[in-house]
Amino acid sequence: MPGYPVLPEGLAYGGDYNPEQWPEDVWREDVRLMREAGVNLVTVGVFNWGLIEPEEGEYDFARLDRILDLLHSAGVYADLATPTSSPPTWFRRRYPGSRLVDREGHVLGGGSRHSFCPSSPDYAAASERVVTALARRYAGHPAVAMWHVHNEYGWANAHCYCPTSAEAFRAWLRDRYGDVGALNAAWGTTFWGLTYGSFEEVEPPVAAPVGLLTGLQLDFMRFSVDAHIACFRRERDTIRRFCDLPVTTNFMIPNCKPMDYWRWAAEVDVVANDHYLDSGRADPQIELAMAADLTRSVAGGRPWMLMEHSTGAVNWQPRNLAKRPGEMRRNTLAHVARGSDSAMFFQWRASRYGAEKFHSAMVPHAGTDSRMWREVVALGADLRELAGVRGSRVAAEVAVVWDWESYWALEFEWRPSADLRFRERVEAYYEALWREHVTVDFVHPSADLSPYRLVVAPSSYLLGEAPAKNLHRYVEAGGHLLVSYFSGIVDENDTIHAGPHPGALREVLGVAVEEFHPLREHETVTLEPFSATGRIWSERVRLAGARAVHEFADGPDAGHPAVTRHDLGAGTAWYVSTALDAGSGLRGLLGRVLDGAGVSRPRGLPDTLELVWRGDHLFLINHGDAPVTVHGVTGTGVLDGAAYDGSATVPAGGVVVVRTA
Ligand code: GLA
């Protein structure tokens, strides 16, 4: 496949390397320590534009030359970045029309990165010039293994509302709709008489009285993704004029809502992701696993690169918790288990300056006489032992539907309940599956679903006719489908499907919804015949082919179906019309659905044990505080060299990886 593998052998280990912040004697110490830790790849030059082009058109590559030569002499490869996420101060002064404007019309200031409009022609020209100069100079440099374009597209400038963006948006709409009548039809502008007479009348969704057309909002989200992708393509194609090394950019899955990464994935040679532990959560390793599974899925199941994570605390959460002993190792190896062929950090050496000086690093402020450094060195050794997993795939029998467009649309204003949140439901189902030791892929609803025994759609509010038919065909052909409430409600323009809800899924689910009955905050309802509770949602479901498996025992829909099952063709479609409690409710139901679908999974293990197969490697990651013995394990311990013959015991907080016979 293009762009893979990046390094001649093994997994990539390293991080963002910013030697420009340090005197040169520190660089020599850096490469010595990199060798000690087993670092073989570092990202260089990410925020260097102002240093390599101190004045427009005047380049100074002397420092970068020395850095790359030094890395090469130490046997460390470079993931060479283009510096275009942080334009130099002269650019801003000289091209005021390129400044980023927010929804309220404020022109955002400089003194930070990402402060530019992605549709600016001046930005396009200046970034293309610096990338051309970089690519021309370093295309053949022996240290350079890959190119890292920009940094985290959409991180702070996902949407720009300046006049240039407005004009670009109108051009995009002309392209999409051809004539303004088609736009009016798609957005339903007879509503409030908001019909446009020409494309010139369309404004981006700037701050306005409440009740903005949702079609306008959706298309602006789509346009903005395209604007950033156009920036990426320009740089990628410039680099390709000079060399054929893999080109990527670092995604922020799943924590950059405005970027539709299904669309992005087609653009890069290898999918790369940045993920930071949300240390405020009770079990942050579950969100981490979800991020990794979603990244692998976006990569089409191919190996991907973890481009950034942290050795310890970050600096931008409300409370930046340090990782406890062993936690970094568990985090890193969970990413590897779920398909990453690299373990990269932000950053190599902790910075003394600016906004990120309290962010952890591989070399902390405390220096090498520190737990963190010792764990970094030990992790390097683990990764060397794991070289054999490189390139191998993760198998999943269950898929969870994830569609960024549905995520956006669900969370526009004026929905039936403020508690309808995309990630709330997706994460609830993901967590239940994780605790059942079921590895999942994520899928777009129009993807090929035939490889899966079960497809779960926890939050598919927006669902076009074609993807809905895809789900229908999947069930008819023998698939098992589980759908949660408020799915299949609107089409790709945020227009309600005609007739009773859930319009797009009525037939496959065999139900019709007469009325929504959202619950009050903290209100719960009870289900029978098993004792489960529901939150957030209740609704009046009429059976139209399906049968009721559970009914509401109380609340607005007492005596009416709460969970239904529809046997259709060779398959089965389940529907759940409330937010089942995480315990007996959701896990109880999922258990039965998984059994019915024939999904294999280990039984009797604590739900704090993470268990993932990657190729012939079994990863056992113990997040609990007691040892766990897993039976039926035979093979060689990759990290500990042990011979496992029938069972493996994973110490509290520990990781065992077994290469099975
Ligand atoms: C992002 C950026 C890095 C750094 C880290 C800090 O991932 O790409 O440059 O700012 O966040 O966590």
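A short reminder: the numbers here are calculations on the coordinates, not readings from a lab. This is a predicted model, so every value here is computed, not measured. Note: ideal-geometry Cβ built from the backbone for every residue, glycine included; neighbour counts use all protein chains shown.
Quick look at the numbers
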read-out: Per residue Cα convex hull volume in Å³ - calculated over segment 398-597; value: 102
read-out: Those trypsin sites (Lys or Arg not before Pro) in segment 599-661 that DSSP places in a loop and that have at most 11 other beta carbons within 10 Å; value: 603
read-out: For segment 569-661, alpha-carbon Rg over 2.2 N^0.38 Å; value: 1.34
read-out: At most 13 other Cβ within 10 Å, DSSP loop - trypsin sites (Lys or Arg not before Pro), segment 262-353; value: 281, 319, 352
read-out: Efficiency of FRET from Cβ geometry, residue 466 and residue 544, R₀ 35 Å, rounded to 0.05; value: 0.95
read-out: Solitary cysteines of the chain, where the nearest other Cys Cβ is not under 4.7 Å; value: 162, 231, 243, 256
read-out: Cα shape, segment 230-302, gyration tensor, a/c 1.5 rule; value: prolate
read-out: Per residue, the convex hull volume that the Cα atoms of segment 271-389 enclose (Å³); value: 97
read-out: Residue-averaged [θ]222 nm for the chain, counting only DSSP H segments that reach four residues, each worth -39500 (n - 2.57); value: -9000 deg cm²/dmol
read-out: Whole-number percent relative contact order across segment 461-597, with pairs defined as alpha carbons under 8 Å at least 6 apart; value: 25
read-out: The chain - percent relative contact order, Cα under 8 Å, separation 6 or more; value: 10
read-out: Packing-based ranking, highest mean first, of 188-199, 590-601, 565-576, 73-84 given that Cβ atoms within 10 Å are counted; value: 73-84, 565-576, 590-601, 188-199
read-out: Alpha-carbon gyration tensor eigenvalues x 5, square-rooted, for the chain, Å; value: 42, 35, 20
read-out: Anchor residue 323: aspartates and glutamates whose Cα lies under 20 Å away (excluding residues fewer than 8 positions away in-chain); value: 16, 274, 278, 283, 287, 308, 356, 369, 375, 382, 610, 625
read-out: Sequence of 214, 608 once ranked by neighbouring C-beta atoms within 10 Å, starting from the fewest; value: 608, 214
read-out: Point-charge dipole on Cβ atoms (K/R +1, D/E -1) for the chain, about Cα centre, debye to 20; value: 900
read-out: Qualifying GluC sites (Glu not before Pro) for segment 489-545 [loop in DSSP, other Cβ within 10 Å: at most 10]; value: 521
read-out: Rg [Å, one decimal], Dmax [Å, integer] - segment 609-660, C-alpha atoms; value: 9.8, 28
